[in-house]
Amino acid sequence: MPRQTLIYNTLTKKKEVFEPVNSPHVGLYACGPTVYSDPHLGHARQAITFDILFRYYTHIGYKMRYVRNITDVGHLEDEVSGEGEDRITKKARLEQLEPMEVVQYYTNRYHLFLDRLNVKRPSIEPRASGHIIEQQQLIRKLLENGFAYESNGSIYFDVEKYDKDNDYGKLSGRKIEDLLSNTRDLDGQSEKKNSLDFALWKKASPEHIMRWPSEWSDGFPGWHLECSAMGNKYLGEQFDIHGGGMDLMFPHHECEIAQTKGAFGKEAVKYWMHNNMITINGQKMARSLQNFITLEELFAGSHEKLEQAYSPMTVRFFILQAHYRSTLDFSNEALQASEKGLKRLFQGYKTLQKIAAGKESTIDVNKIEEQCYEAMSDDLNTPIAISYLFDAVRIINSINDGKEKIDADSLEKLKALFQIFIFEILGLVEEESSSDDLSSDLINMILNLRMDIKANKDYSTADKIRDELTKLGIVIKDKKDGFDWELG
RNA sequence: GGUCGCGUGGCCGAGUGGCUAGGCAGAGGUCUGCAAAACCUUGUACGGCGGUUCGAAUCCGCCCGUGACCUCCA
């Protein structure tokens, strides 16, 4: 029986005790990317948030099935009006590629950068275009149940009708009347009965490449439909957690709830989880605002806003140092702080490996362990868990200095704790400085020569060597009788 | 305009009715030929004004500032 955890449910706006529908099995669905462009920091946060959930729940004993989709069809530029080109199709046209080439390319890119961030691959990664049949079946159900109607070969969801006996807007806290009064005027959009109605199936215009046959028209499915169809297919009629970025709450997730309830008579999702946005100068990082930084740019330092390159683990740690429901502001200063903090954490881990156990202990490892688990169990509070690890680092250093003592059992326990939290739960990995054996040998040779020079008290030459090596990015650490170095 | 959120020390960020995270930067120190690195020590901050309370940064009200959503966006 896994330990009790709290999880913030967007639906109830409260932290709730997590009780799986079918413990110990847990079904998790997270909205993946629309693969028409490179992943940016925001995608990283979303992926890392649910990666942590996946990792932690697996660790405490749940049998996880994690589904994260790839949206490769149906995502229009303007969902409400149903206008605009399909994003994939547009990209394909601009680049003169097959739509599926675009899809494959950006799916590969997504995997590449998420792998570097050490985000685990989901259990199932379904594509919308591979589930046209399932989506069409869902539409038929909705037509049968009277929640959808056909108009000129397209099928729309009837929001007003649904709202009569259901609560459309319950997730995002909206009321249908407010939405109606605030919806922009759509003159000429006569296909829909109501401006709030959203597309389930769109008849394809002659130039639209991605199209599938159906009894209504040659067309393609609406964006919101895929998640309902694939969630249902792989996780069943009721499953535990559905996640995504906060900006998907409305209308995407709201529409999902309506579709599922309308088709199956009951809601599928027990807990809704939404990660907050990454901001840049206090404003949301978004493609539409032209202020986004891709992961490729971040890792390479190739963006005008970047003072340097930031390694994947620095980025991961930066994201984990904030709670997933808070906005997180990007800045070079903050990233640099994370870079150094992460280094300190790993330094502590290394020190831990070499300290010796004594007969007695002044350290209460059980308490540290409990604190770490409690933090993670309290709605995935990674920043708190990390703060306890930093507390532990200070203790480790004190043991190393002989100010504190630890017995063999406690030491083993502390080592296991660090191993589990740093690598398994937080998913951090140590990034090796890239240096091949030959250059290592060369550096060691030079530094050995420098030792001789120092022994002769020729400090000016010794300093010169050090300066030159420093310029090459090699950090020298002189010790009592020897040296150490690393790539800075 | 509507809905929801936020405002914490130089920066980033937790937390939350009394026990006052953590990281980075800064300062001091240990070490060192000198540095660097590493390590140690160090900071009583919570937008403003009222109110509730023995006690509020934490609850309530008002104000100011700011952000997200209401079109697509993780």
For chain A, what's the relative contact order in percent, using C-alpha pairs closer than 8 Å and at least 6 residues apart?
-> 15
Surface accessible to a 1.4 Å probe, A:MET285 within the full protein complex, Å² = 10
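Given charges of +1 on the Cβ of Lys and Arg and -1 on the Cβ of Asp and Glu, with all other atoms neutral, how large is the dipole of chain A about its Cα centre, in debye to the nearest 20? Provide the component values of the computation, followed by the final result.
Values: 61 positive and 76 negative charges, 195 e Å.
Charge dipole of chain A: 940 debye, to the nearest 20.
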Links exceeding 31 Å between C-alpha atoms in this model, out of A:LYS203/A:LYS233; A:LYS13/A:LYS284; A:LYS405/A:LYS471, come to A:LYS405/A:LYS471
Output ordering of A:111-118, A:221-228, A:199-206 (per-residue mean of other Cβ within 10 Å, highest first) is A:221-228, A:199-206, A:111-118
What part of the accessible area of the range A:271-423, given as a whole %, is carbon or sulfur when the probe is 1.4 angstrom?
-> 45
Using a 1.4 angstrom probe and counting only protein chains, how large is the accessible area of A:TYR56 in Å², to 10?
-> 0
Of A:LYS14/A:LYS164; A:LYS120/A:LYS340; A:LYS170/A:LYS261; A:LYS15/A:LYS120, which ones are farther than 22 Å apart at the Cα?
-> A:LYS14/A:LYS164; A:LYS120/A:LYS340; A:LYS15/A:LYS120
Under a point-charge model restricted to the Cβ atoms of Lys and Arg (+1) and Asp and Glu (-1), what is the dipole moment magnitude of the range A:252-313 relative to its Cα centre, in debye to the nearest 20?
-> 320
Would you calculate a helix-derived [θ] at 222 nm for chain A, using -39,500 (n - 2.57) for each DSSP H run of n ≥ 4 and dividing by the full residue count, to the nearest 500?
-> -13500 deg cm²/dmol
Given Cβ charges of +1 for Lys and Arg and -1 for Asp and Glu, the option among A:HIS274, A:SER377, A:TYR234 whose Cα lies farthest towards the positive end of the dipole of chain A is A:SER377
Carbon + sulfur, % of accessible area of the range A:47-131 - ligands and nucleic acids excluded, 1.4 Å | 44
Counting only protein heavy atoms with a 1.4 Å probe and every protein chain in place, the carbon and sulfur fraction of the accessible surface of the range A:449-488 in whole percent equals 53
Name the trypsin sites (Lys or Arg not before Pro) in the range A:1-40 that are in a loop by DSSP and that have at most 12 other C-beta atoms within 10 Å, would you?
-> A:ARG3, A:LYS13
Which loop trypsin sites (Lys or Arg not before Pro) in the range A:445-488, with loop taken from DSSP, have no more than 11 other Cβ atoms within 10 angstrom of their Cβ?
-> A:LYS457, A:LYS480
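Return one whole number: the accessible area per residue of chain A in Å², for a 1.4 Å probe.
That works out to 46 Å² per residue.
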So which DSSP H runs in chain A come out at 24 Å plus along the axis (Cα) with average Kyte-Doolittle of at least 0.0?
-> A:382-400, A:437-455
Would you give the gap between the C-alpha center of the range A:346-365 and the C-alpha center of the range A:115-142, rounded to a whole Å?
-> 46
In the range A:243-325, with Lys and Arg counted as +1 and Asp and Glu as -1 at Cβ, which of these residues, A:PHE264, A:PHE299, A:PHE317, has the Cα nearest the positive end of the dipole, that is, farthest along it?
-> A:PHE264
Can you give the relative contact order of the range A:102-247 as a percent, counting alpha carbon pairs under 8 Å and 6+ residues apart?
-> 24
Once all protein chains are kept in place, A:THR10 shows an accessible area at probe 1.4 Å, nearest 10 Å², of 20
Point-charge dipole on Cβ atoms (K/R +1, D/E -1) for the range A:363-482, about Cα centre, debye to 20 | 780
Alpha-carbon centroids, the range A:405-433 and the range A:373-400: separation in whole Å | 11
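Quick check on chain A: take the gyration tensor over C-alpha atoms, sort the square-rooted eigenvalues as a ≥ b ≥ c, and tell me if it's rounded (a/c under 1.5), prolate or oblate.
Numbers: a/c = 2.91, a/b = 1.83, b/c = 1.59.
Here chain A falls in the prolate category.
The values are calculated or read from the model by the stated rules, or taken from the named source; none is laboratory data. Quantities reported herein were computed from a predicted structural model and do not represent experimental measurements. Please note: Cβ atoms are built from the backbone with ideal geometry, for glycine as well, and neighbour counts cover all protein chains shown. Each accessible area value is taken on the protein alone, full model and side chains, heavy atoms only, with ligands, DNA and RNA left out. Shrake-Rupley method; radii C 1.70, N 1.55, O 1.52, S 1.80 Å.
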